[in-house]
Structures are given as structure tokens and as C-alpha cells.
Amino acid sequence: MIALEAGTGTAIAIFYPASQALLPKLVPDQELQQANAVSRLVMNGAMMGGAAVAGFVVAAVGPGWALVTDAIGMFAAVTPNLLIRVGATERGQNPGVFSELREGWEEFRSHTWLWGIVLQYSIVLMCWYGSFSVLGPAVAAAHLGGPAAWGTIMAFESVGLIIGGIVALRYSPKRPMLFVSSIGATIAVPSLALAMLWPVWLICLASLGSASRSRR
């Protein structure tokens, strides 16, 4: 499992930056925010639907076959991605990987707003995954009624992700970096709700609200 997670993490680290860099090449600059919102909306909707399908597959044939089905879906996504056609980026010279890494680091370090937001969300997400995503199922099993309660909480979180994507289609903050920095604190609310053993319906609402804001 550790080896599989290491491979998955490596693949995600390669895929997501490349996919984020691809989108601006496919749409005009003035439509980029809407395109990002639609992309996240579709992804979050697929996550919500996929979680429901996964539950049926696990119940019907077991978790092993569910993982096999997941792997088949991943392989099936390769061909549609290969069919995407964009213009190649013109490069006057090829200084080498290490030179590009050094240049990229200098550029990253020169923008306070950029490394500041990266540092903030590195801490936020570390706390989030450690508390809500790891300890959440254990708290639900011990105090909230078991897997059904946790499944309901995750369903509300998925709905919140979709709502956030819909709002992002229309809402454009005047100071986006300040907005993004300020909503980071809302991610703490669902974890606090679990720690204080709030009723399940309140935890569901906290998860929905936090997810909808975090996807704007």
C-alpha cells in the first residue's frame, strides 16, 4: 500500500501541474476563470457520483474489484487526453532541467504573495488531511454512528464543492489573493465540529459551507 501510494502521489504531482498549465492554452484569457470553474465543477461532480458508484461496487463484489475498476478508469482516461491538441510552446533555447529549476525557484521566491499563499495552504492542508480526512472516519465510527454518518458528511462536502464551482462561474472577487487567504481559516470549522462531537447534521452543514467557500 505504501508503494502504491508513493506511485499515486508521484503521478498526481506530474498530472495536476500539467493539466493546470494546459487549460490556459485551450481558452481565451477572459474566459479562464469560467473555464477553471467548469473544470472543477465537472471534477467535483464526478467525485460525488464516483463515490456513490464505488459504494455499490464495494458492496456487490468487494474492495479489491473496486480498485481494479478504478485502475481501468484511469487507463481509459489516457486516450481522451492524448486527443487534446494545443500549439507547442516556442522555446529559443534549452538550458537544461537544473537551470530551469533554478530559474523557476528564483521567480517563485521573488513574489511574496506567491510563496506566502503556498506556505499558508501547505500548513492548512497538512492540518486538514491529518484531522478531518484521517481522524474523521475514526471519530464517526466511535461517536457518530459509524460509516453511514461519515458517508453522509462526505456527501455534503461533495455538494459544497459543486456549489462552490457554480458560484465561481459568476463571482469574481476584486482582491482574489486576499479572498483566498481569508477563506483558508474556514477549513478549520468541520474539524472543530468533529472534535466537539456536534450532531451529524451540523457537521454536514459545516462541511458543505467550508467546501463551497474553498472552491471559489
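Values for this structure:
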read-out: Test: residue in segment 47-56 that is β-branched (Val, Ile, Thr), modelled with pLDDT under 80 and part of a helix (DSSP H, G or I); value: yes
read-out: Scope segment 1-49; condition of a type in the set (Val, Ile, Thr) and under 16 Å from the mean Cα position of the chain (by Cα); matching residues; value: THR8, THR10, ILE12, ILE14, VAL38, VAL42
read-out: In segment 162-179, the residues that are crowded, with 16+ Cβ neighbours inside 10 Å and either closer than 25 Å to GLY116 by Cβ or free of Cβ contacts under 8 Å to residues at least 60 places away in the same chain (or both); value: ILE163, GLY164, ALA168
read-out: Flag for PRO190 being open to solvent by less than 70 Å² (accessible area, probe 1.4 Å) and not in a helix (DSSP H, G or I); value: no
read-out: ILE203 surrounded by 12 or more Cβ atoms within 10 Å (Cβ to Cβ), touching a Pro at 6+ places or on another chain (Cβ under 8 Å) and closer than 22 Å to GLY49 by Cα; value: yes
read-out: Which listed residue, of GLY96, GLY146, is without any contact (Cβ under 8 Å) to a residue 12 or more places away in the chain, under 18 Å from ALA51 (Cα atoms) and either touching a Lys or Arg at 6+ places or on another chain (Cβ under 8 Å) or open to solvent by less than 50 Å² (accessible area, probe 1.4 Å) (or both); value: GLY146
read-out: Search result, residues across segment 106-127 that are of a type outside the set (Ser, Thr, Tyr) and closer than 15 Å to VAL180 by Cβ; value: HIS111, TRP113, LEU114, TRP115, GLY116, ILE117, VAL118, LEU119, GLN120, ILE123, VAL124, LEU125
read-out: Test: residue in segment 129-138 that is open to solvent by 70 Å² or more (accessible area, probe 1.4 Å), within 19 Å of ALA211 (Cβ to Cβ) and β-branched (Val, Ile, Thr); value: yes
read-out: Qualifying residue in segment 118-131 (condition: modelled with pLDDT of 75 or more and more than 19 Å from the chain's Cα centre (by Cα)); value: no
read-out: Whichever residue in segment 136-181 is among the hydroxyl-bearing types (Ser, Thr, Tyr) and in a helix (DSSP H, G or I) and, among such residues, is farthest from PHE56 (Cα to Cα); value: SER181
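Listed here are the residues, each with its yes/no results for (1) more than 26 Å from ALA168 (Cα to Cα); (2) surrounded by 10 or more Cβ atoms within 10 Å (Cβ to Cβ); (3) charged (D, E, K, R).
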{"position": "MET1", "(1), (2), (3)": "yes, no, no"}
{"position": "ASN36", "(1), (2), (3)": "no, yes, no"}
{"position": "GLY50", "(1), (2), (3)": "no, yes, no"}
{"position": "GLU103", "(1), (2), (3)": "yes, yes, yes"}
{"position": "TRP113", "(1), (2), (3)": "no, yes, no"}
{"position": "ILE117", "(1), (2), (3)": "no, yes, no"}
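Let's see how each residue does on (1) hydroxyl-bearing (Ser, Thr, Tyr); (2) open to solvent by less than 80 Å² (accessible area, probe 1.4 Å); (3) in contact with a Pro (Cβ under 7 Å, 6 or more places away or on another chain):
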| site | (1), (2), (3) |
| --- | --- |
| ALA6 | no, yes, no |
| PHE15 | no, no, no |
| ASN44 | no, yes, no |
| VAL58 | no, yes, no |
| ALA66 | no, yes, no |
| THR79 | yes, no, no |
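The values are calculated or read from the model by the stated rules, or taken from the named source; none is laboratory data. Keep in mind that this is a model prediction, so the values were computed, not measured. Don't worry about glycine lacking a Cβ; one is built from the backbone with ideal geometry, like all the others, and counts go over all protein chains shown. Just the protein is used for accessible areas: all its heavy atoms, side chains included, with ligands, DNA and RNA removed. Shrake-Rupley method; radii C 1.70, N 1.55, O 1.52, S 1.80 Å.
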